[in-house]
Amino acid sequence: MTKVDDLYQEIILDHYKHPHGRGLREPYLAEAHHVNPTCGDEVTLRVNLADDTITDVSYEGMGCSISQASASVLHEIMVGLPVIEALARHDAFATLMAGRGEVEPDEEVLGDAVAFAGVARYPARVKCALLSWMAFKDALARAAEESIVEGSAS
Amino acid sequence: MTKVDDLYQEIILDHYKHPHGRGLREPYLAEAHHVNPTCGDEVTLRVNLADDTITDVSYEGMGCSISQASASVLHEIMVGLPVIEALARHDAFATLMAGRGEVEPDEEVLGDAVAFAGVARYPARVKCALLSWMAFKDALARAAEESIVEGSAS
Amino acid sequence: MTATLPTYDVDTVRADFPILSRQVNGHPLVYLDSAATSQKPRQVLDALRAHYEGCNANVSRSVHTLGTEATEAFEGARAKVAAFIGAARPEEVVFTKNSTEAINLVAHAFSERAIDPRFRLGPGDEIVISEMEHHSNILPWQLLCERTGATLRWFGLTDDGRLDESNLDELVNERTRLVSLVHVSNILGTANDVGPIVARARQVGALVMLDGSQSVPHLPVDVAALGVDFLAFTGHKMCGPTGIGGLWGRYELLQAMPPFLGGGSMIETVTMQRSTYAQPPMKFEAGTPPIAEAVGLGAAVDYLSGIGMDAIHRHEKELAGYALDALASVPDLRVIGPRTAEGRGGTISFALGDIHPHDVGQILDTEGVQVRVGHHCARPVCVRFGVPATTRASFYLYTTTDEVDALVRGLEKVRKVFG
Amino acid sequence: MTATLPTYDVDTVRADFPILSRQVNGHPLVYLDSAATSQKPRQVLDALRAHYEGCNANVSRSVHTLGTEATEAFEGARAKVAAFIGAARPEEVVFTKNSTEAINLVAHAFSERAIDPRFRLGPGDEIVISEMEHHSNILPWQLLCERTGATLRWFGLTDDGRLDESNLDELVNERTRLVSLVHVSNILGTANDVGPIVARARQVGALVMLDGSQSVPHLPVDVAALGVDFLAFTGHKMCGPTGIGGLWGRYELLQAMPPFLGGGSMIETVTMQRSTYAQPPMKFEAGTPPIAEAVGLGAAVDYLSGIGMDAIHRHEKELAGYALDALASVPDLRVIGPRTAEGRGGTISFALGDIHPHDVGQILDTEGVQVRVGHHCARPVCVRFGVPATTRASFYLYTTTDEVDALVRGLEKVRKVFG
Ligand SMILES: Cc1ncc(COP(=O)(O)O)c(C=O)c1O
Ligand SMILES: Cc1ncc(COP(=O)(O)O)c(C=O)c1O
């Protein structure tokens, strides 16, 4: 019993049942679509930027509680952050997920995402937690390119 | 020791060291070339017929003592036999070889070829013993066709 | 309480499977994932070990004692497998590493330059499969059609997960070169009656291949009675080791097919300029085959035959009926596939309300219940039934009604966590 | 008396191999056929059994505990094998059923319609091999050249059984797309120094594949140091189970290659109309892989590393030297291949007067001595040296000088029977 509570923390179930920022919105600079080939889960995710700050992360997709909750947490953490800071937090989350439960998460950096620490002990579920985060990284890279192009054009 | 003597009977070693009818000769009605793919052994064998009787079996090839001796024995048995009788003896030999040492050979029918009874207990060597016999069967079938064609043409 | 079915003592069977006594997350293992891979009886593991410790050697090319013994064990296994599926002769069985390789082998026999017209395939020609195929019976044909310009077509599915044969005569026509169908679906559990399709294929001169990955382990399969041309099957789903599978083909067809993989043992003679090939099955077994695995599969076939494929089939049918009834009592549970025990195997996929199968499987795992979740390598079925994935429970000769009960109890827990 | 080589205790090693205590025809087994397949230490057999009894499940598609454990064991084995050959990352190792499949996989990446120009092959293009290749490194290229119209060329051999590199610059030229070479010959024992050939291939932009079937088991192999693009190897020759082998390839090349076999697990997404593929190595591992066999190979790699590949190599070199000296004392014996222990492995082929190798092997077998006789799947070598076949003795980490002595004694007996 303790084991499953470890995975399905209250915070995760909350985000799953009441997702933050769900739905695809305009305006956006870039979009990415990712698929988890082992289970068929999908996410479409959009990023918007203004002055090097993330102004929106919107998403839609189907997936398990872990993947849904991690998208919700992603939205909550990233909106309002400068790009460089967003990348740092992304890194911290990826490291946590790759840590097989050995990495101690920093709540300052990761906020609600610390609740995913338990997921790292379930290799089959790590991909679920990372699905939207990987799509985010892709979209952010594209958005950055877009904004450079726009910036240099101006 | 008894085991190997069983395989390499005196008769076999004799035929190996002093092969009967070796060499390719004219005239002949049909020729067949057979290969043992597991060891690369080869035989080229010719058959001549006259009035439904085998008048010559000539052969050439490379191979182990078993395959060389069995070609020699084949020559000895077959030359002078009517085709139908040759086929019967061929059958008897094939049955002996497939018998895994359980078949009692008939010396009346097989002559020196009874010495190959022991070979049947060595599955890897059965192919050696059969190499020239299979080529003989092929060549005989072709020779029979030839002589029918010739016969009907005459 | 384990219900002992008549003439079938599941407890005795279970005693042969060492892994079944293990615990998972503090609960006894409830292994309901036999459609993915079966567990192995001690008899098979002993045969593997005895082979390696007793007469391990390479096969077919040897005059030494170990090599002769290994060859006899390997070819003996071929004969056992051939008899198990009703093949006319052992040489009709080609050992592969799994079903997937067997299907790819047949797919690679087709090309625009094939010498035998039955394997000549180009633009305008058609290959027919179905919407309930495993990816292993989809991808080889998609790749083949890409290589040759041929067209891939497929049977659709009815709402209760059966083959829709209403357009059989149009779908299988003079342009059809091959129909390749799953015998029992690994996701829906559906058992296909291939009679009418074989008859139609014969009318139009098309070949028929059956993917027997989920039938050969579970019911008596007789290739002669089925009247098909090829059958693929896989050892690890039928109590055998991983790394071994088989292709059965009518001998005359195997002879007409070009070789697939090139290498040692599949040749007649080799020069640097050109080579000629051995007869089937050697022609298709390039390189050192899975020798010990074949021996293990032979032992598996002996084991299954000892219990009796009829008895195993009956046991699973009873379990399927029991489970369908039990699952009907779970609120919000929708079975995807046939809802009666008729014409189906002991593999049941379902959706539980909106709860994602990953979450279902995860909670069940905490109770020791091992089910598979995902698209089960049959994504088109999920798309057809409008679900991203399913939860699948699959039974075998060692499964008990107790284990079905544990599944149902676990689903209650899932509903509590995610309800 | 077993000569104990410095820092190497062969008796301790032998104690790990259960089969070595068996008798053959009333004599202790003298297994001199490790080039065909190696024997298996208890550690590997235990790992196989522990896997089947402990966590047997299908891999990669599962959230349940058994599936997770099986996946970790399988991927753990991949990491071990990758480290063993010096791969940059585990994902560079594709599990196949044997070397032969690995070579065919690479051959099938080439076609006229390949997207990446490095794999585009058609009339005018050339593939280069050598006259000392195993059939498994000849046939795939002959078949490829038949499919594409490309030309197959090859290095010849010197009289002492080494690669004739005198025409390297002409043979490997701008038309060359790939050079595929055996690292250590399974018939001559020759160890090829591939440095100059790799350098020349780089100059002309050709890829280089090594057939490491006989090197990876016997000496330290480091793909980075070798500077090649692909390496094929096979588990059963390196103390691992049958049914498992591997292809190592530079990751970027594996990504550039089209898939080979189609099926489950090699996909990203599938629709009936079209599919996309997973990243390497999954892209090339269609269907259920040889799971337990991979775990067994991982255990084999641990076992070999525990003893030390340097130590094994030294042991075999000493044995080769000892055996070459001992065989030189047998009248009428002609070694086919290098006659010194330098630049060769512990595999020695020879002719004994006019006595056919079948007869040599048969008599040796009566003494318990297991040697291979035939063309050893390298018929062009036999043709080159004017023999129908050879007798081959091949050594491994468990071979003793006593066993070499038994061979020499056996050859005396052969001469007596057939002299
Ligand atoms: C040099 C060489 N290459 C390739 C092979 C083929 O290996 P496998 O039969 O395991 O595919 C062998 C052994 O049989 C070999 O010795
Ligand atoms: C219906 C069906 N076909 C094909 C396969 C492929 O079998 P394997 O993975 O052993 O090649 C499977 C199982 O995975 C299956 O269930």
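The values are calculated or read from the model by the stated rules, or taken from the named source; none is laboratory data. This is a predicted model, so every value here is computed, not measured. Cβ atoms come from the backbone with ideal geometry, glycine included; neighbour counts cover every protein chain shown.
When C:ALA107, C:ALA70 are checked against the criterion of being under 24 Å from D:TYR52 (Cα atoms), modelled with pLDDT of 95 or more and facing chain D (nearest Cβ under 9 Å), a single residue qualifies: C:ALA70.
Please go through the range A:2-54 and give me each residue that is in a helix (DSSP H, G or I) and of a type in the set (D, E, K, R), ordered by number. Passing the criteria: A:LYS3, A:ASP5, A:ASP6, A:GLU10, A:ASP14, A:LYS17.
Just give me the residues in the range C:18-36 being surrounded by fewer than 24 Cβ atoms within 10 Å (Cβ to Cβ), of a type outside the set (Gly, Ala, Ser) and in contact (Cβ under 8 Å) with a residue 40 or more places away in the chain, in sequence order. Hits for the range C:18-36 are C:LEU20, C:GLN23, C:VAL24, C:ASN25, C:HIS27, C:PRO28, C:LEU29.
For the range B:84-113, a residue qualifies if it is at pLDDT 95 or above and either touching a Ser or Thr at 6+ places or on another chain (Cβ under 8 Å) or of a type in the set (Gly, Ala, Ser) (or both), and the qualifying residues are B:ALA86, B:ALA88, B:ALA92, B:ALA94.
Here A:PRO19 qualifies as of a type outside the set (Ser, Thr, Tyr) and within 28 Å of C:PRO357 (Cβ to Cβ). From the list D:VAL194, D:VAL184, the one residue that fits, being touching a residue at least 12 places away in the same chain (Cβ under 8 Å), β-branched (Val, Ile, Thr) and crowded, with 21+ Cβ neighbours inside 10 Å, is D:VAL184. Residue count for the range C:270-279 under the criterion of being assigned to a loop (DSSP other than H, G, I, E, B) and within 9 Å of chain D (Cβ to nearest Cβ): the result is 4. Restricted to strands (runs of 3 or more DSSP E) entirely inside the range C:313-419, those with at least 1 residues that are away from chain A (no Cβ under 11 Å) are C:333-336, C:347-352, C:390-394.
Would you check if D:ARG78 is farther than 20 Å from D:GLN279 by Cα, charged (D, E, K, R) and either free of Cβ contacts under 8 Å to residues at least 12 places away in the same chain or outside any loop (DSSP other than H, G, I, E, B) (or both)? Considered against the rule, which asks whether it is farther than 20 Å from D:GLN279 by Cα, charged (D, E, K, R) and either free of Cβ contacts under 8 Å to residues at least 12 places away in the same chain or outside any loop (DSSP other than H, G, I, E, B) (or both), D:ARG78 comes out as no.
Condition check: modelled with pLDDT of 95 or more and aliphatic (A, V, I, L, M). Does C:VAL387 satisfy that? So C:VAL387 does not fit the description; no. Is there a residue being within 14 Å of another protein chain (Cβ to nearest Cβ), closer than 30 Å to C:TRP141 by Cβ and either touching a helix residue (DSSP H, G or I) at 6+ places or on another chain (Cβ under 9 Å) or part of a loop (DSSP other than H, G, I, E, B) (or both) anywhere in the range D:293-309? Yes, the conditions are met somewhere in the range D:293-309. Going through (1) within 16 Å of ligand 2 (Cβ to nearest atom); (2) surrounded by fewer than 24 Cβ atoms within 10 Å (Cβ to Cβ); (3) under 25 Å from the mean Cα position of the chain (by Cα) one by one, D:THR71 falls short only on (3). Just one of the numbered conditions (1) touching a Cys at 6+ places or on another chain (Cβ under 6 Å); (2) in contact (Cβ under 8 Å) with a residue 24 or more places away in the chain is not true of D:LEU319: (1).
Within 11 Å of chain C (Cβ to nearest Cβ), among the acidic types (Asp, Glu) and within 16 Å of ligand 1 (Cβ to nearest atom): is that true of D:GLU146 in this structure?
Here the answer is no, as D:GLU146 does not meet what is asked.
Can you find, within the range C:38-64, the residue that is modelled with the lowest pLDDT among those that are buried (at least 24 other Cβ atoms within 10 Å of the Cβ) and among the β-branched types (Val, Ile, Thr)? Filtering first and then ranking leaves C:VAL63. Being under 30 Å from C:LEU352 (Cβ atoms) and touching a Gly at 6+ places or on another chain (Cβ under 6 Å) is a property that holds for A:ALA120. Quick check on the range D:239-247. Is at least one of its residues within 11 Å of chain C (Cβ to nearest Cβ), on the phi > 0 side of the Ramachandran plot, away from ligand 1 (no atom under 16 Å from the Cβ) and buried (at least 20 other Cβ atoms within 10 Å of the Cβ)? No - not one qualifying residue is present in the range D:239-247. Tell me, yes or no, whether the range C:111-123 has at least one residue that is within 27 Å of the chain's Cα centre (by Cα) and of a type in the set (Gly, Ala, Ser). Yes, the range C:111-123 contains at least one residue that is within 27 Å of the chain's Cα centre (by Cα) and of a type in the set (Gly, Ala, Ser).
Being within 30 Å of C:THR340 (Cα to Cα), under 19 Å from the mean Cα position of the chain (by Cα) and of a type in the set (Gly, Ala, Ser) is the requirement here; does C:GLY308 meet it?
Taking the combined requirement at face value, the residue satisfies it.
Taken as a whole, the condition of being modelled with pLDDT of 95 or more and in contact with a helix residue (DSSP H, G or I) (Cβ under 9 Å, 6 or more places away or on another chain) does not apply to C:ASN192. How many of the residues making up the range A:74-116 are assigned to a loop (DSSP other than H, G, I, E, B) and farther than 15 Å from A:ALA129 by Cβ? Of the residues in the range A:74-116, 6 are assigned to a loop (DSSP other than H, G, I, E, B) and farther than 15 Å from A:ALA129 by Cβ. Screening the candidates C:HIS218, C:HIS236 for the property of being outside any loop (DSSP other than H, G, I, E, B), farther than 29 Å from C:LEU121 by Cα and within 16 Å of ligand 2 (Cβ to nearest atom) yields one hit, C:HIS236.
Filter the range C:112-142 down to the residues that are among the aromatic types (Phe, Trp, Tyr) and either away from ligand 2 (no atom under 16 Å from the Cβ) or in a strand (DSSP E or B) (or both) and list them by number.
C:PHE119
Scanning the range A:39-60 for residues that are touching a helix residue (DSSP H, G or I) at 6+ places or on another chain (Cβ under 7 Å), within 14 Å of chain C (Cβ to nearest Cβ) and in contact (Cβ under 8 Å) with a residue 24 or more places away in the chain turns up A:CYS39, A:ASP41, A:VAL43. In the range D:1-21, of all residues being among the aliphatic types (A, V, I, L, M) and assigned to a loop (DSSP other than H, G, I, E, B), the one that is modelled with the highest pLDDT corresponds to D:ALA3.
Filtered by the rule that a residue be over 12 Å from C:GLY76 (Cα atoms) and crowded, with 24+ Cβ neighbours inside 10 Å, the range C:293-303 gives C:GLU293, C:ALA300. State whether one or more residues within the range C:262-269 are more than 16 Å from ligand 2 (Cβ to nearest atom), within 14 Å of another protein chain (Cβ to nearest Cβ) and surrounded by fewer than 22 Cβ atoms within 10 Å (Cβ to Cβ). Looking through the range C:262-269, at least one residue is more than 16 Å from ligand 2 (Cβ to nearest atom), within 14 Å of another protein chain (Cβ to nearest Cβ) and surrounded by fewer than 22 Cβ atoms within 10 Å (Cβ to Cβ). Of all residues in the range A:61-84, exactly one satisfies the criterion of being out of contact with any helix residue (DSSP H, G or I) (no Cβ under 9 Å at 6 or more places or on another chain) and more than 19 Å from A:PRO27 (Cα to Cα), namely A:ILE84.
Taking the criterion of being under 25 Å from D:MET272 (Cα atoms), away from ligand 1 (no atom under 16 Å from the Cβ) and surrounded by 24 or more Cβ atoms within 10 Å (Cβ to Cβ), the residues of the range C:91-120 that qualify are C:ASN98, C:SER99, C:THR100, C:ALA102, C:ILE103, C:ASN104, C:VAL106, C:ALA107, C:ALA109, C:PHE110.
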